[in-house]
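Every read-out reported here was derived from the displayed coordinates using simple, explicitly stated rules and does not represent laboratory data. Keep in mind that what you see is a predicted model, and the values were worked out from it rather than measured. FYI the Cβ positions are ideal-geometry reconstructions off the backbone, even for glycines, and counts take in every protein chain you see.
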Amino acid sequence: MRIAYLDCFSGISGDMFLGALLDAGVPAKLFEETVAALNIGARLEISRVNRSAITATKVDVYAHGEKDLPREVFWAQESHAHGHGEHRHKHEHENGHDPAELREHNYGQTRSEGAPHKHEHEHGRGLKEIREVIGIAAISEGAKNTALAIFEALGAAEAKVHNTHIDKVHFHEVGAVDAMVDIICAAVGVEALGVDEIICSPLNVGGGTVECAHGVLPVPAPATVELLKGAPVYSSGIQVELVTPTGAAIVKVLVKRFAPFPAMTIEKSGYGAGTRDLSGHANVLRFTIGESQAEYAGNISSETISVLEANLDDLNPQVFGYVVDRLLAEGALDTFALPVQMKKNRPGMLLTVLSKPEDASRLTRIIFTETTTLGVRRREEQRQALARKWITVATRWGDVRLKIASMNGAVTNYAPEYEDCRKLAAEHHVPLKSVMQEAVQGYLKRTQG
């Protein structure tokens, strides 16, 4: 399986991602033709730069002839030109726009990815306009879907942060020409590389504060925090913004899992440069591509899960079944119980819940609310899982889904979905085992035929 590893030791932003893709082998002509076909007044400037002795590819976007600037430089110029923004705010109000919705929302690690250019001040873009641009773009349907998913993830995060509906989000983070170029080229470039899975390191988010049109905000920025839910993050102590909302949205949509550097045979690597040249720190994003080694090549995924445990010796057994059903309905990956002998020789049950790390706190609250336990133990474990898919087979009573597990392309397990079989058995008054047997036979006939 061909995999790629994103090494975010210096965070990630849109232009860093494009630079890394180019350095890893995506043709520059592909990006240039994609940008030209968008017809949004943009062009690319691609160069080679050094960042702490590492040579990397730098991508700059020119919108309407103006080069994108680092955020702090842009807003310093704006304040000087418009009397600290008063003239600009008045102008936006006169044009019927809420300045809070038109200001920069990408608090840019390497540049003002969402900073409005001269032509963007008066005409911000919303998701509706962006969907239209992507819809007519001369790119594949797969790349269109990926680009839309990234924009919508970004819009959803901004909508939540600013307490509005995603369709009302109308700001330069999503609407700026350079942000559109970053995201659409990211979708096109990843497709061109043809990797089966992108794995990501923990993300170095930086620290301190960042100044933007809304004022001084903490790093990571609010939208970035929202987008990185469930992702492992840290700060190395560098007091600058290292992960931008655009970069975080790219990670959210494209990355399948987070892990240390995977076992792989390296084919090639690429480095994308940020604008800042930080002293003693290589401000680059590394993208490494290769074949996963044999022991991991069988579509076996590895992920971190949370294990929740609670001992119960005084819970009504009728309530226990309800608790298990609710935990599963609320997103638990699995829930089971074992009989245990507790203190004072009381018989009890050991409740175990498997969950995604981001769901663990919510499921813990349910355990406390619904059971009599006074304590819940929690630990993180690594789980490996076979690749799986669903197929549907026909029986004389109706359709039944089968779960198919495979390794190295060979099917290792298959089983009919219990709930489908149970429903048909009840509706047609036939033995459950008959429905399950016929579903399996239908699957075997299909594969053998």
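At-a-glance table
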| item | result |
| --- | --- |
| R0 of 25 Å, Cβ-Cβ distance Leu350-Ala329: FRET efficiency to nearest 0.05 | 0.75 |
| Simple spin-label estimate for Leu444 and Ser302 in nanometres, 7 Å along Cα-Cβ | 3.7 nm |
| Net lengthening on full extension, Glu291/Arg379 (0.36 nm per residue, minus Cα-Cα) | 28.5 nm |
| Subset of Lys58/Lys128; Lys58/Lys268; Lys403/Lys423; Lys356/Lys423; Lys58/Lys256; Lys229/Lys403 violating a 20 Å alpha-carbon distance limit | Lys58/Lys128; Lys356/Lys423; Lys58/Lys256; Lys229/Lys403 |
| For region 309-430, convex hull volume per residue from C-alpha positions, Å³ | 160 Å³ |
| Estimated distance in nm for a label pair at Asn39 and Thr164, the labels positioned 7 Å out from Cα along Cα-to-Cβ | 2.8 nm |
| Using distinct alpha-carbon pairs, which all enter the 1/r mean, Kirkwood radius of region 335-407 in Å | 16.2 Å |
| Cβ-derived FRET efficiency at R0 30 Å, Glu32 paired with Lys268, nearest 0.05 | 0.90 |
| Estimated inter-spin distance, Glu141 and Asp399, nm [label 7 Å along Cα→Cβ] | 1.9 nm |
| Mean Cβ count within 10 Å, highest first, over the residues of peptides 29-38, 333-342 | 29-38, 333-342 |
| Along each principal axis, Cα extent of region 399-439, largest first, Å | 40, 13, 12 |
| Cα-based equivalent ellipsoid of region 180-306: semi-axis lengths in Å, sorted from largest, via gyration tensor | 28, 17, 15 |
